[in-house]
Amino acid sequence: MGLPTLEFSDSFLDSPDFRERLKCHEIELERTNKFIKDLIKDGNLLITALKNLSAAVQKFSLSLQEFQFECIGDAETDDEVNIAQSFKEFSQLLTTVEEERRRLIQNADDVLITPLEKFRKEQIGAAKEGKKKFDKETEKYYSTLERHLSLSSKKKEAYLQEADTQIDKERQLFYDASLEYVFKIQEVQEKKKFEFVEPLLAFLQGLFTFYHEGYELAHEFEPYKQQLQFNLQNTRNNFVSTKQEVEKLMKRIRSADQDYKPPGQWTMEGFLYVQEKRPLGCTWTRHYCTYEKGGKTFSMSSAETKATAKQNGLVLNQPEMFKLKSCIRRKTDSIDKRFCFDIEVVERHGVMTLQALSEPNRRLWLEAMDGKEPIYNLPAILNKKEETFLNEAGFNFVRKCIDLVEIRGINTMGLYRIGGVNSKVQKLLTTVFSSRAPVDIDLDPDTWDNKTITSGLKTYLRCLSEPLMTFKLHKDFILAVKSDDQNYRVCAVHALVHKLPDRNKEMLELLIKHLVTVSTQSQSNLMTVSNLGVIFGPTLMRSQEETVAAMMNIKFQNIVMEILIENFSKIFHQPPDPNVPLPQPQSQPGSRRSRAICLSTGPRKPRSLYTPALCLADAESDTFSSSPSSTPPGSMESLVSHSSQQKSSSQTGCFAALKDKGLSGTPGEARAAPPRRRGVGQQPGVQLQGGRRAHRRGVGGRPQPVLAEHAARDVPRPQKSPAPPHGPQAGVSDPLRRALPVIAAHT
């Protein structure tokens, strides 16, 4: 039930009913006043909480900005560059959000607190003042009336007339105060409907504007997010294949002697115990020693073990340098220590007696210093009986495998990724490469299933005595794709392919042509260029050095394969430019990070107040997805090489790259250069239209489908997909589409 109406005529009667109705208004006014006080208090607490939240987010953003990724190796892939830059992009995004939040906080006091306080003080306060005046005039009027009515009628007429005039004056003042109070209290009750609600609406307006800004930022972030997700997928793929190779290396090292000498800067290095003569005998002190055979330079640093956290408890002193004169194995019966040998150096008289850690270790030191001990090597990756050769039988086998795959298995999901049964694969290779088998042996499609054929092809290529792309050119290929200039990468790989031996180049062309065909069916087999690179990179570009550092370059081997597949026609059907320089090691590998994809393009311009529509949209229209239907089609198969889909922009790409390096060449020679990379490094800038921000960049293309090896690696994806599926992921089951790629290079 609402408040009763106060009539002005009731002010003259001043009846008990009038007073009761007036009291209802006063109670409601007091309740409103208390509510506004509490609301102002809660509003201040909310603003303080927002300030604290903003400060915490800014501190978090600063932590992201200050963190610096460091990757293993002397160079980074484009994927790693973008991932390393991502924290700074996240920091910039959070900073942008906080700019809008600070704007909300700054306006909250003026928009919410001040108007409410003003309404409480000016309107409700004025009504309270009116009540005080009304109560005062009421008391004064009724006290004067009682005195007036108690006057004797015998008083003089003039006195009575003066008293009548006085009571009329007091009555008029009482009526005026009553009328004004009735008017004011009803005015406040009506004005609170809008003056009380308007500040709340304005605050919510600012809050929705802040949320709308976040909504727009999410739209702008979507292309960058999809590109970064693809970078992460590529990096995960490279990690899995590299991890497998490193684990194999670790097992081979473990199976070898503990004194295996890995390749490195020195001919030989390790710990030796040096005999030092003392007045009361001799002592043996541990030293870390190195020897460089070319200059016959021998150095040793005394090693002390201390119970400290520094240097893992090992402290090395300044090394002593010597020039070796001779090295002689110490006879066992001439000293009471085992594994000893003597050396003579130019800088000291007499001999220095050294003790190795074991007999094999002593043999390695003597062999390095021109001793007579036999050479000891790491067990070979392949046994001699497992080696294959690039002969006619091999060419025939590869052609037969490719024909069978392209005829019956080109659309098989996980082609080349899913391996066959090992016993069947070995039986296939034994049958084909048996000394009794004819060179042009046919492969019976009923006998050999598709997985056995693909695994046999990979095994044959992996077991070549020398990898298809040769040990000699291995480092040049790796250096080529480490270049910052993406056009130069293709040109350098093009030139290096034509330096391969004819048989190797012929086999490589045969294989890459087939892989191009496989990648064109990625919609059904899920084997994109990137996935094929992960599988065939280590197979065709095996490193001669068996070290962890060499394994860290597997990701660049994958990039070489991607370039070969995406630029097949140019590389194999056109002559290379003779002026392409040989790849050179990078002096500043970290500088490539300036070319990372990025979301931020500069300070954001102030935005005019945006008035959001206060409605709830369809749930599907407010979610984001990295599904194929949410981004325009494009070539995203390889982040690290060049797309071959747009020929119009490739007229002068390679020629321009050579010109920038100060080399000559004709545009005709570079006509088939690949076009620009897919959105990497593109920063078109920000466009503001009608108070709305357009996307900063169009990082083109969509993430390619990948094949998961373990469903446990599934990562939740947003559910929005209003448009029907299309593109490479059409027809693929949801769990498979959501799964991150775990692609094994060797199965």
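Read-outs: derived from the displayed coordinates by stated rules, not from any lab. In this text the structure is predicted, and so the values were computed from the model without any measurement. In this analysis, Cβ positions are derived from the backbone assuming ideal geometry, glycine residues included, and neighbour counts consider all displayed protein chains.
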### Query
R0 = 35 Å: FRET efficiency of Q186 with T165, Cβ-based, nearest 0.05?
0.60
### Query
For labels at N52 and E157 in the simple 7 Å Cα→Cβ model, what's the distance in nm?
8.2 nm
### Task
Kindly flag which residue pairs out of K293/K482; K88/K248; K277/K331; K41/K128; K88/K555; K59/K482 have an alpha-carbon separation exceeding 27 Å in this structure.
K293/K482; K88/K248; K59/K482
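Give the calculated FRET efficiency between V246 and Q106 to the nearest 0.05, with a Förster radius of 51 Å applied to their Cβ-Cβ distance.
On the way: r = 54 Å, r/R0 = 1.06.
Computed FRET efficiency for V246 and Q106: 0.40.
When the chain is fully extended, how far beyond the present Cα-Cα distance does K513 get from T332, taking 0.36 nm per residue of separation?
Numbers: separation 181, 0.36 × 181 = 65.16 nm, distance 6.32 nm.
Here the segment from K513 to T332 would lengthen by 58.8 nm.
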### Query
So what J values fall out for the stretch 409-415 if you push phi through Karplus, 6.51 cos²θ - 1.76 cosθ + 1.60 with θ = phi - 60°, rounded to Hz, Gly and Pro as x?
x, 5, 9, 5, 5, x, 4
### Query
Say each of K293 and D442 gets a label point 7 Å from the Cα, pointing the same way as Cα to Cβ; how far apart are those two points in nm?
5.4 nm
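Going by a ≥ b ≥ c, the root eigenvalues of the Cα gyration tensor, does the stretch 15-195 fall in the rounded group (a/c under 1.5), the prolate group (a/b larger than b/c) or the oblate group? Can you show the working numbers first?
On the way: a/c = 6.82, a/b = 6.21, b/c = 1.10.
Cα axes put the stretch 15-195 in the prolate bin.
Given a Förster radius of 41 Å and the C-beta distance between V274 and E545 as r, what FRET efficiency does 1/(1 + (r/R0)^6) yield to the nearest 0.05? If you can, show how the numbers build up before the last one.
Values: r = 31 Å, r/R0 = 0.74.
Between V274 and E545 the formula returns 0.85.
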### Query
What ³J(HN,Hα) values, in whole Hz, does the Karplus curve 6.51 cos²θ - 1.76 cosθ + 1.60 give for the stretch 471-485 when θ = phi - 60°, with x put for Gly and Pro?
5, 4, 9, 4, 5, 5, 4, 5, 5, 4, 7, 7, 5, 5, 7
### Query
In terms of modelled amide H atoms, which long-range or inter-chain residues lie less than 5 Å from the amide H of T388?
L464, S465
